[in-house]
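Any read-out appearing in this document is the output of simple, stated calculations on the displayed coordinates, not a laboratory observation. Predicted, not measured: the structure shown is a model, and the values here were computed from it. Cβ atoms come from the backbone with ideal geometry, glycine included; neighbour counts cover every protein chain shown.
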Amino acid sequence: MTRSPRAASGSQNHPPQLRRALSFALLLLSACSPAAPPLDVASDRAAAAPGVRVDLTGAGATFPYPLYARWFNEYAALTNVRINYQSIGSGGGIRQLVARTIDFGATDVPMTDEELASAGMPVLHIPTVIGAVAITYNLPRLARPLNLSPDVIADIFLGTVTRWSDPRIALANPKLTLPDTDILVVHRADGSGTSYIFSDFLTTVSPAWAAGPGRGKDVRWPVGIGGKGNEGVAGQVKQMPGAIGYLEVVYARQNRLPVVHVRNAAGRFISPMPFEIASAATAVLEADRKLGASDGNGTPDLRVSLVNAPGAQSYPIASFTWMLIAPSAIGGEKSRRLAAFIRWALLDNPDVASTLGYVPLPSEAASRIVDRLDAALAGGRPGLP
């Protein structure tokens, strides 16, 4: 996948305002308890005696699976730590974490306050990368990318805009000749974090959607047919001229699918490229400093929505994805092993995220997240919800 040179990994290539915003917000994360010397790759190597292997298991979101699989394989080659991850969806990852059948979960959907309260144990939310949801379509005769406004996208998925020749679509695409054919909606048939992010966007931009289907991992779609996973949605869209669906941006880019340019909160039509996805995080942090807010326990809250972010460059369907760790459920040793992996992945190997089409966290933000994780584990109390 070809990346914009503006979006190269490493904090020095991120816009200054992104570096300032994340650095300012995440300064709050390092102020709680002093960390013990962190477990790192070198100590993982030294601690692993010949023939002794450390196994960790995880499950959850499909969105980061290509990235996690690459990270886990490379880490296993460096250490005796083997991390087995099942891509079963965010909801499944949360359920298995709470059931204590895995060592860590992964989710595109932050746990709610109610879920955290009912889990029976503290759960750490660790942002690992920034991603987005793309909207793809099957209109092969178009000479340029399709532009759509948020209200029109919502009405398409509500079933109230049903023809590609609708005047509202034509208004946003004055240089395109749109076919006078039916719009065929494709959505996820399975519950997923991708559906949550997309429905979070629709709920934010459309009062009718908010009053109807709303946001969630499992959505009662008013119209359309379902496909299981990204590959199911993409397969349905490819087979049916006039179809439209949503999927993870990494999947869309890797498979060279056409993607909609979505009108953002500033009124500009934006494509889901790395710089524009990162700009959503910049704008949200600068607007309200949500990463500096506190949860009910007075600790910094890293659960934040990036949809419909302000800012001229912001792509409006963006999101963090998180790893979930419950130290009290798995014990100090496994927690420290996971922290060592996270330190290695975020600080030593952010380029892997870029090469696969994800947007890595700026290095100073990643460093403070890892330091805060070390401090939380050393202090015996999790401080990252």
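The table for this structure:
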| item | result |
| --- | --- |
| Kirkwood-Stokes translational diffusion coefficient of region 96-202, alpha-carbon pairs, 25 °C, 0.890 mPa s, µm²/s | 144 µm²/s |
| Most to least packed among 252-260, 202-210, 84-92, 136-144 [average Cβ atoms within 10 Å] | 84-92, 202-210, 252-260, 136-144 |
| C-alpha center-to-center spacing [region 150-190, region 322-382] in angstrom | 41 Å |
| Region 314-355, Cα convex hull volume normalised per residue, Å³ | 95 Å³ |
| Packing-based ranking, highest mean first, of 101-113, 177-189 given that Cβ atoms within 10 Å are counted | 101-113, 177-189 |
| Ranked by how many other beta carbons lie within 10 Å on average, peptides 315-321, 333-339 from highest | 315-321, 333-339 |
| Label-point gap, in nm, between ALA208 and GLU231 - each point 7 angstrom along Cα→Cβ | 3.6 nm |
